[in-house]
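Novice: I have a structure I would like to understand better, so I am pasting it below and will then ask my questions one at a time.
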């Protein structure tokens, strides 16, 4: 009744396609596991919809509603004109405070800027004595301090100049600077926020989903079961890589089309397919990292800690929170080994600047290389630890 | 009579049914009326009405999945009553007040070896934990622990982690933990399932001893072993969520006119269930030697496995013929499973050889794996896949031709009787059916060899016999070799040959009948115990259990007659909370990797962010498209390259070049100087210089704009003075900018105080997030359900060690900030520490919150990461002030405690503030603590629903 289960001759030719079949089947199994975990589905849905919407709409414009206070010791028409130039959206309507209100207000973080117009300011200006206005800036708020003080300076000076010009004529500047913002003419932060959030979530989900899937199999003893079957570690790993990668890729694509293009009406310059191809390469690398982390951690709590320790630098130093070129050189070099750096670069190039493959191919090459390296490391580590898992 | 059932009757265990509890016993200890329980659509209990007599040993009998465990969980208060009335110890178990009052008098040992124990804690620590939960003072605990461990033989193992005990010892420890508070009602859910015969006999001796000491105590036991049921006072036979019959064993035997409980039980079953049942018969093994020569399926020579200096398997030699049913018998932890894993290639042997079908075991040899079916001891199928999906998946993994799979799966379904559960998920199935599914999966590819690690553990007699019938068919008809390990002596008796294993060594190998003959005893069980005793297995048990008198009767608090004394159940008992604190601390200590990662990891992250995140925008690359190529145009370009903010790249050649390089992100800025620039300027004509800024990153673009405008103005001024000879028009006023708190506008002093809140939020939250949900996954959450500990004690007790760890973290981060980063503390350190304390109470509380409503560790981890990382980075004011945020983000930023602690941290570090200046930020923190803890306590359930 039992035919011999193994027929070496028939098998030999089809090892490759059988491997592919096994990888496919195990991957489908992973998808089922995910589908039967409603909590995870809710979380994935959340990260690629609500989370992106919130991140995009919350991000302020570079100088947005900057809180400013004015101490008007002059009380002249000129000082009133100065107070009137600050209005939303760049600045909050200025709080008019007495001189002794500056320190407590700035200490509590109520104001980033406090402008002190000295007594007799107008008369000094008209007399050509070039009086000084004091601008206090909370320099711990780096993002507003620098640009904001420039703005305040320009606006106040322009107002004063115009005031003075009514009395003295002045020649216009002979050279005009025509400044144009490319790719995002109004410098809308939501464009940046939404797309960077997608890039962040792609990394976060792929690492955690893959790593946790492996740890769960280990904690439930199913790895041992798999290993007693004609399945190789590489097949187990590849199955997790493709299935979890696919889930994240699909979620990212849906988020780009529905949330970013649809709901937020953010224009995407380049080809979506090219970006998704880049994302697929990125996912190859991050899912491998997830597996590697799972082989390092002995339990879910350890994996959780490891995830925080690795995800934070991967995201914050990739160049999607602060410009890469401003980081110390050493950090820049080290982060070249992180897939996120290249993914952020290619994402920005394709999505904002409409770059084509001729422009972003170096990032594709880098991602493929990093992915291959991480996959190899993870696989060898997986092979060597697999017997301890069983 | 099935097989060779053995009745263990060692050491005066068997108690007469009319023992200490007289025939007219007091009011029933438990009384149920119309009780039903559903898990989703599946009914576990169906309208049960039952009274159990007090001060007796009551047995719940029946196959797996008939609702025994559900019933016991209801009685213990571990599971919420859905329908009907459950009264235990004189009160309604639906009332939480009654549960709180009686739970110190009920002891519950859930199903599963050591399910409610903490594996990393030692025997002593586990006992201390339970002692504290019941509020015993230190001396009292010592006395009880000493007495209990002396009587169970655990004294020698006080320091051993519970996870490293053998199954029998785990159960004894579980019993000790249950008995530590003198319960009036002892509920044991299959306490001896999966325990070897010697340990089982010892366990029942122990119970009998305790009952002699405390005759008033009621004991309710669920068991799948019919031979054990023989000795109980009173039996409840159950099937399919209903009660079949009740009465003393003698009554049941008389009623069914049978001579064993096995047979009696089968006779009590409804006709439909009995259909198709037949006692197992074993056709003799046709020795193949004569016909085909001795074909050997499994051969092992000096197989040895060492883990460190512990030898799990010690020079095992085996030779199993094809078609043979070979049994592996031994105590838990004696090396059976390890040997099996080596034979399947799952574990590489430290020494010796193993071969299957004459080929050396090689993990890479996939062809041999196809000829072997393996069933591991723990259920290891995919609980997320339905029964059918599991079968199909495994058939495909074994690469059966796609066309044959449906037929093969159908055959398995028919053969293993899985038709009714095809689309069910394994988790919803009773153990017996799950084991059948496991066997079906192991058989799906028609292997020639089955390696089965305790396949019948915990399976009821009918299901067990059906499994055996299947295996015997396979062996005898299909000549499948079966290598099986088991605890059941009647199963051992069905094997062609068995090996008795102990402490890694095979004691003896022979046919069962031959072994019985050798020892000259009546049964195989006695023979086995004899061999074990020869090998010194009694070493861990005192020759005679010490009397329990000292603990129990002499205990001042022991109730004498089972009546409830007023239970001390304060709203919050620091002692019980402390018990959880100690336990959590010990667990943290036992997992140093986690604590180290928490401390070292934050330090590393602080470095990464302190140095890595820079808000200074510099080294911006730009290029010039100079169509003028005059001295003046070059002068303009040089003006930029002289700045420290800009780095000049190769000049642009045309618009296409400009476009290409900006798209690639190489240039942050491109400048175009038109042809005729110098000429027009000299003639006083209006000229326009074009500048394109990469707006992809708005913050950077804004900064670039500011720089370029500034430099353009500067150049104009300079030109006006030097080249064109005009007077520089003096500005009508000046603006003196004071950069306060951070005069150099450097990133580091601004970032370091901002990174501390982020790290103190994420790491502690991640630490606590898994602590509750882990107990849920591993089962020890049951201790919350059935002991007097309240939800607030449970959560706050667990939280405390993590608060301490987080404060250590805070100290480390502050020290790093001051020393390594050179960011001095200008304000009140006390205010900063107070803020940090409140904040870490919140962040650890958030982790607990995340784990109260999630069911799996992954989900809890996700909630913790999403709930902390995104708000901390984006909305807490680290990069952008909260006041500038919009929409939902602004709302989150305002109420999220991280924002307020950030204000405190910057206030103290950069602004030199103290409590007075920061008062406004302390109030939200003070408010956040009770809110998050209250929410967690509310969401945590005190009963399983």
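The values are calculated or read from the model by the stated rules, or taken from the named source; none is laboratory data. These figures come from a predicted structure and were not determined experimentally. Please note: Cβ atoms are built from the backbone with ideal geometry, for glycine as well, and neighbour counts cover all protein chains shown.
Novice: Within the stretch B:643-684, restricting attention to residues that are facing chain A (nearest Cβ under 8 Å) and more than 30 Å from residue A:344 (Cβ to Cβ), which residue is surrounded by the fewest Cβ atoms within 10 Å (Cβ to Cβ)?
Specialist: Checked the stretch B:643-684; the qualifying residue surrounded by the fewest Cβ atoms within 10 Å (Cβ to Cβ) is B:684.
Novice: Just to be sure before I move on: is residue B:804 assigned by TED's automatic domain parsing to the domain that holds residue B:604, closer than 29 Å to residue B:942 by Cβ, in a loop (DSSP other than H, G, I, E, B) and under 35 Å from the mean Cα position of the chain (by Cα) in the structure I sent?
Specialist: no
Novice: Filter the stretch A:47-90 down to residues that are within 7 Å of chain B (Cβ to nearest Cβ) and either outside any loop (DSSP other than H, G, I, E, B) or at pLDDT 85 or above (or both), then give me how many there are.
Specialist: Residues that pass the stated criteria total 8.
Novice: Look at residue B:76 and say whether it is over 30 Å from residue B:592 (Cβ atoms), at pLDDT below 90 and surrounded by 21 or more Cβ atoms within 10 Å (Cβ to Cβ).
Specialist: Criteria met by residue B:76.
Novice: Take the residues in the stretch A:315-343 that are in a helix (DSSP H, G or I) and more than 10 Å from chain B (Cβ to nearest Cβ), then tell me which one is nearest to residue B:611 (Cα to Cα).
Specialist: Within the stretch A:315-343, the match that is nearest to residue B:611 (Cα to Cα) is A:333.
Novice: Output the residues belonging to the stretch A:144-156 that are at the interface with chain B (Cβ under 7 Å from one of its Cβ atoms) and either surrounded by fewer than 24 Cβ atoms within 10 Å (Cβ to Cβ) or without any contact (Cβ under 8 Å) to a residue 24 or more places away in the chain (or both).
Specialist: A:146, A:147, A:149, A:150, A:153, A:156
Novice: Tell me the residue from B:106, B:180 that is without any contact (Cβ under 8 Å) to a residue 60 or more places away in the chain, in the same structural domain as residue B:213 (by TED's automatic domain parsing) and buried (at least 21 other Cβ atoms within 10 Å of the Cβ), please.
Specialist: Matching residue, one of B:106, B:180: B:180.
Novice: Determine if the stretch A:277-298 includes at least one residue that is in the same structural domain as residue A:350 (by TED's automatic domain parsing) and not in a helix (DSSP H, G or I).
Specialist: Yes, the stretch A:277-298 contains a residue that is in the same structural domain as residue A:350 (by TED's automatic domain parsing) and not in a helix (DSSP H, G or I).
Novice: Quick one: would you say residue B:161 is closer than 23 Å to residue B:336 by Cα, at pLDDT 85 or above, assigned by TED's automatic domain parsing to the domain that holds residue B:99 and in contact with a strand residue (DSSP E or B) (Cβ under 6 Å, 6 or more places away or on another chain)?
Specialist: Spelling it out, residue B:161 is indeed closer than 23 Å to residue B:336 by Cα, at pLDDT 85 or above, assigned by TED's automatic domain parsing to the domain that holds residue B:99 and in contact with a strand residue (DSSP E or B) (Cβ under 6 Å, 6 or more places away or on another chain).
Novice: Mind checking which helices (runs of 4 or more DSSP H) fall wholly inside the stretch B:587-695 and carry at least 1 residues that are in contact with a strand residue (DSSP E or B) (Cβ under 6 Å, 6 or more places away or on another chain)?
Specialist: Result: B:631-641, B:655-663, B:677-682.
Novice: How about the stretch A:235-294: which of its residues are surrounded by fewer than 21 Cβ atoms within 10 Å (Cβ to Cβ), within 17 Å of residue A:370 (Cα to Cα) and within 18 Å of the chain's Cα centre (by Cα)?
Specialist: Across the stretch A:235-294, the qualifying residue is only A:280.
Novice: Are any residues in the stretch B:91-117 touching a strand residue (DSSP E or B) at 6+ places or on another chain (Cβ under 9 Å) and in a loop (DSSP other than H, G, I, E, B), and if so, which ones?
Specialist: B:93, B:94, B:110, B:111, B:112, B:115, B:116
Novice: Please determine, by comparing only the residues of the stretch B:854-877 that are modelled with pLDDT under 85 and either in contact with a strand residue (DSSP E or B) (Cβ under 9 Å, 6 or more places away or on another chain) or more than 9 Å from chain A (Cβ to nearest Cβ) (or both), which one is surrounded by the fewest Cβ atoms within 10 Å (Cβ to Cβ).
Specialist: Selected residue: B:871.
Novice: Evaluate the following for residue B:488: is it in the same structural domain as residue B:325 (by TED's automatic domain parsing), buried (at least 20 other Cβ atoms within 10 Å of the Cβ) and over 29 Å from residue B:267 (Cα atoms)?
Specialist: no
Novice: Looking at (1) on the phi > 0 side of the Ramachandran plot; (2) modelled with pLDDT of 85 or more, which one does residue A:221 not meet, given that it meets all the others?
Specialist: Only one criterion is unmet by residue A:221, namely (2).
Novice: Which helices (runs of 4 or more DSSP H) does the stretch B:837-945 wholly contain that include 2 or more residues that are touching a residue at least 24 places away in the same chain (Cβ under 8 Å) and more than 29 Å from residue B:791 (Cβ to Cβ)?
Specialist: Answer list for the stretch B:837-945: B:897-909, B:915-939.
Novice: From the list B:417, B:432, pick out the single residue that is under 30 Å from residue B:66 (Cβ atoms), away from chain A (no Cβ under 14 Å), out of contact with any strand residue (DSSP E or B) (no Cβ under 7 Å at 6 or more places or on another chain) and not in a helix (DSSP H, G or I).
Specialist: It is B:417.
Novice: Condition first: at pLDDT 85 or above and either touching a helix residue (DSSP H, G or I) at 6+ places or on another chain (Cβ under 6 Å) or surrounded by fewer than 17 Cβ atoms within 10 Å (Cβ to Cβ) (or both). Can you find one or more residues in the stretch B:548-555 that meet it?
Specialist: No, the stretch B:548-555 contains no residue that is at pLDDT 85 or above and either touching a helix residue (DSSP H, G or I) at 6+ places or on another chain (Cβ under 6 Å) or surrounded by fewer than 17 Cβ atoms within 10 Å (Cβ to Cβ) (or both).
Novice: When you scan the stretch B:458-538 for strands (runs of 3 or more DSSP E) that lie fully inside it, which ones turn up with 1 or more residues that are more than 23 Å from residue B:113 (Cβ to Cβ) and more than 37 Å from the chain's Cα centre (by Cα)?
Specialist: Once the strands (runs of 3 or more DSSP E) in the stretch B:458-538 are filtered for at least 1 residues that are more than 23 Å from residue B:113 (Cβ to Cβ) and more than 37 Å from the chain's Cα centre (by Cα), what remains is B:497-502, B:505-510.
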